[in-house]
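The values are calculated or read from the model by the stated rules, or taken from the named source; none is laboratory data. Note that this is a predicted model, so its numbers are computed, not measured. Note that each Cβ is placed from the backbone with ideal geometry, even for glycine, and that neighbours are counted across all protein chains shown. Accessible surface areas use protein heavy atoms only, side chains included; no ligands, DNA or RNA. Shrake-Rupley method; radii C 1.70, N 1.55, O 1.52, S 1.80 Å.
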Amino acid sequence: MLLTAKTDELRSIMELFYNLSGIRIVIFDSNFLEITAYPSEKCAFCREICSKQNLVQKCAKSDSASFENCIKTGDIVIYKCHAGLVEATLPLSYDGINIGYVMFGQITDIKDKAELCEFVHQINKKYDVNCSAKGLKYRNTKQIAAAAKLLEICTEYIILKEMVVPQCEGIAALAKRYISDRIGRNILWNERMP
């Protein structure tokens, strides 16, 4: 589904979310294509993972599985990606129709530095990459749940303010324009649409 996005307004909300939570946020369309992100660049850990094409595919598969899961539940889904980082997805619905997804992530729930370094070491061995624990942001379970709730609030605001809407096509666009043009006045039963 093609979407129209008010990118500047979206980025403003996304920046507020990031400044408060310190967690990257991304908006995808219903075909799992990224519309916008804040910050625009992935964390160093994920950039290293994505330096290998087979791992890019694992990331995409992990993302799409979470998107499908949040559509099934109709609710936010908090999970660990294939590389062990915490992420959350939420469906983006407009008039009851799924038009995309909002995601946050690229954080860890491992507080202990030694344990985190061991985790990264295991990922490096498993995937033959050179990731670093440096820069990975830690959030505890309570902070992750709070960020998830904040994500839900932001998503509802984005829809309320129509910052992301489906592009109307064909008969639906004509009907919407016809009704909008005639709202508040009598419509004759034999009046034709333009």
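Summary table
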| item | result |
| --- | --- |
| For the chain, with +1 on Lys and Arg beta carbons and -1 on Asp and Glu, the positive-most of A44, I99, S132 along the dipole | S132 |
| Backbone HN-Hα couplings from phi across segment 93-106 [Karplus 6.51/-1.76/1.60, Hz, Gly and Pro as x] | 10, 10, 6, x, 10, 6, 10, x, 8, 10, 9, 10, x, 6 |
| Surface per residue (accessible, 1.4 Å probe) for the chain, Å² | 59 Å² |
| HN-Hα J in Hz across segment 17-28 - Karplus 6.51, -1.76, 1.60, θ = phi - 60°, x for Gly and Pro | 4, 5, 4, 7, 9, x, 10, 5, 10, 9, 10, 10 |
| Label corresponding to Cα Rg over 2.2 N^0.38 Å when calculated from the structure given, among [x] 1.47; [y] 0.94; [z] 1.25 | [z] |
| Table column - 3J(HN,Hα) (Hz), segment 111-128, Karplus curve with 6.51, -1.76, 1.60, x for Gly and Pro | 7, 5, 4, 5, 5, 5, 4, 5, 4, 5, 4, 5, 5, 4, 5, 4, 10, 6 |
| Packing-based ranking, highest mean first, of 118-124, 105-111 given that Cβ atoms within 10 Å are counted | 105-111, 118-124 |
| The chain - percent of accessible surface contributed by carbon and sulfur, probe 1.4 Å | 54 percent |
| Burial order of peptide ranges 144-150, 7-13 (average beta-carbon count within 10 Å, highest first) | 144-150, 7-13 |
| Helical mean residue ellipticity (222 nm; -39500 (n - 2.57) per DSSP H run of 4+; nearest 500) of the chain | -15000 deg cm²/dmol |
